[in-house]
1. Quick one: in the stretch 118-175, which of the residues that are more than 16 Å from ligand 2 (Cβ to nearest atom), assigned to a loop (DSSP other than H, G, I, E, B) and among the hydrophobic types (A, V, I, L, M, F, W, C) is surrounded by the most Cβ atoms within 10 Å (Cβ to Cβ)?
2. Hey, can you tell me all the residues within the stretch 390-406 that are open to solvent by 30 Å² or more (accessible area, probe 1.4 Å) and either farther than 14 Å from Gln292 by Cβ or modelled with pLDDT under 95 (or both)?
3. Of all residues in the stretch 210-220, how many are crowded, with 20+ Cβ neighbours inside 10 Å and not polar (S, T, N, Q)?
4. Being more than 15 Å from the chain's Cα centre (by Cα) and assigned to a loop (DSSP other than H, G, I, E, B) is the filter here, so list the residues in the stretch 187-212 that pass it.
5. Considering the stretch 136-163 alone, what residues qualify as being within 16 Å of ligand 1 (Cβ to nearest atom) and in contact with a Pro (Cβ under 8 Å, 6 or more places away or on another chain)?
6. Mind listing just one residue for me: the one in the stretch 20-35 that is open to solvent by 20 Å² or more (accessible area, probe 1.4 Å) and within 14 Å of ligand 1 (Cβ to nearest atom) and, of those, nearest to Tyr279 (Cα to Cα)?
7. Are any of the residues in the stretch 335-347 aliphatic (A, V, I, L, M) and open to solvent by 60 Å² or more (accessible area, probe 1.4 Å)?
8. Got at least one residue in the stretch 246-268 being over 30 Å from Pro106 (Cβ atoms) and either over 17 Å from the mean Cα position of the chain (by Cα) or without any contact (Cβ under 8 Å) to a residue 12 or more places away in the chain (or both)?
Amino acid sequence: MAFVKVAKSGTLSLNEKSSALAAAGRRVYRFGFGESPFPPPRRVHEALRHAAHRTDYTAVAGMPELREKVAAFHHEVDGYPIQPNQVLIAPGSKPLLHNIMRAFQPAEVTIPGPSWVSYAPQARLAGHKTVGIPTSFDGRWRVAPEDLEHVMLRHRGADCHKLMVLNYPGNPDGLTYSTEELEALTAVLRRHGVWVIADEIYGLLDHRGQHVSLARLYPERTLVTTGLSKWCGAGGWRLGALILPPDAPTALRDALIGLGSETYSCAPAPIQVAALAAYELDAELHGFLAAQRRILRAIGSAVHRALLKAGICVHAPQGGFYLLLDFSPFSDRLVERGIRSDSQLCDRLLAETGVALLPGGAFGMPALSFTARLAYVDFDGDAALRDVDRIEANVTEHAAKMLEGLAALREWLC
Ligand code: PMP
Ligand code: GLU
């Protein structure tokens, strides 16, 4: 007899550890947890307040009017037709990702490295074999079509679903794919009949507002996951959405509804009502999205510059709020100090400087590669929104705490 082996997710563990250190009076630079710093728009708050009396369970798939709103919203922003019956609502996209993995049986799940922390554990919990696709710093951590082809040629065969996760703008890398890159990947995906979970939760936070949904190019087998956690700054409210392909098999949809009904039942009714206000794509919301992008672009590039100054290898961010740091130029010095892995690096850094980073190993990177993820979210998002028109001029003020942390990191590395 035994118990299922599953560790607490690295993101949530580090968040709890950072909170405990901060509560104990330590100055912690919270680069570890990817939580939006921006508050949801006031009208969304108001809608939630007014819906507090809603104690009912909604349909498992979500409130019909919300599914309609989400379909219309993504039709407009992503430019491809979506019917409300393609949309499923859940308490966060994480349970949707989990249930999608469980719905495909049997499946081999292709997960590019690096990728977000929860895909591989979820695939394993669903009983699937996972297959990596290595990427490189020089290749901007992008999946190359020829590597995808190679993985698909070695796939188990016709009796097993081919499932792949593609997340962009990416966590942990902050990078995205161009339309040409997506087209090249799509040709391979189509040839091999691959089902893709396109995790586009950071799509609306593409810093240039130029996100291209995979569903536009590969509508027949793309399952898009998204939700309120990132662009609406409401991670803890727990509202996620899935957009199924227009001709998704009925059995797949039924499996997802069945799994939802046996696990979370539905997303909380008051949160769904608040989401109705969030998914209202009017001038105010366009302004809110544009402001977040402008702030993240300004802060992301200030943080990126500070990291380059410290001698760390890192690409300029394109979306979301993450950077994947490569400390390999410091390998020899780190080893001399008794640091031999990415997790030792992050542990020592947190203990000795208060800088919290998440080791690359949590994202499927080799432990000996000295990589770590930085989330540039330790700033007052409300103050930044109020100052958005001057954000570039005032960026060092808004990012002051993070820049202080990066100065400590630089000194520690010297
Ligand atoms: N995908 C990615 C890439 C994420 O960073 C996160 C973390 N919020 C999630 C999915 C899960 O998001 P949620 O469950 O809050 O919708
Ligand atoms: N997505 C966030 C991160 O990568 C944390 C939320 C979570 O893991 O559920 O830090």
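1. The extreme case among them is Val143.
2. Within the stretch 390-406, Arg390, Glu392, Ala393, Asn394, Thr396, Glu397, Ala400, Lys401, Leu403, Glu404 qualify.
3. Going through the stretch 210-220, the residues crowded, with 20+ Cβ neighbours inside 10 Å turn out to be 211-215, 218.
Remaining after also requiring not polar (S, T, N, Q): 211-212, 214-215, 218.
Number satisfying all stated conditions: 5.
4. Step one: filter the stretch 187-212 for residues more than 15 Å from the chain's Cα centre (by Cα), giving 187-196, 208-210, 212.
Correct list: Gly193, Val194, Arg208, Gly209, Gln210, Val212.
5. Trp141, Val143
6. So, considering only residues that are open to solvent by 20 Å² or more (accessible area, probe 1.4 Å) and within 14 Å of ligand 1 (Cβ to nearest atom), the one nearest to Tyr279 (Cα to Cα) is Glu35.
7. no
8. Scanning the stretch 246-268 turns up at least one residue that is over 30 Å from Pro106 (Cβ atoms) and either over 17 Å from the mean Cα position of the chain (by Cα) or without any contact (Cβ under 8 Å) to a residue 12 or more places away in the chain (or both).
The values are calculated or read from the model by the stated rules, or taken from the named source; none is laboratory data. Note that the coordinates shown come from a computational prediction; the quantities given were computed from them, not determined experimentally. Because the Cβ atoms are built from the backbone with ideal geometry, glycine has one as well, and the counts that use them run over all protein chains shown. Remember, those area values only see protein heavy atoms, side chains included, never the ligands or the DNA or RNA. Shrake-Rupley method; radii C 1.70, N 1.55, O 1.52, S 1.80 Å.
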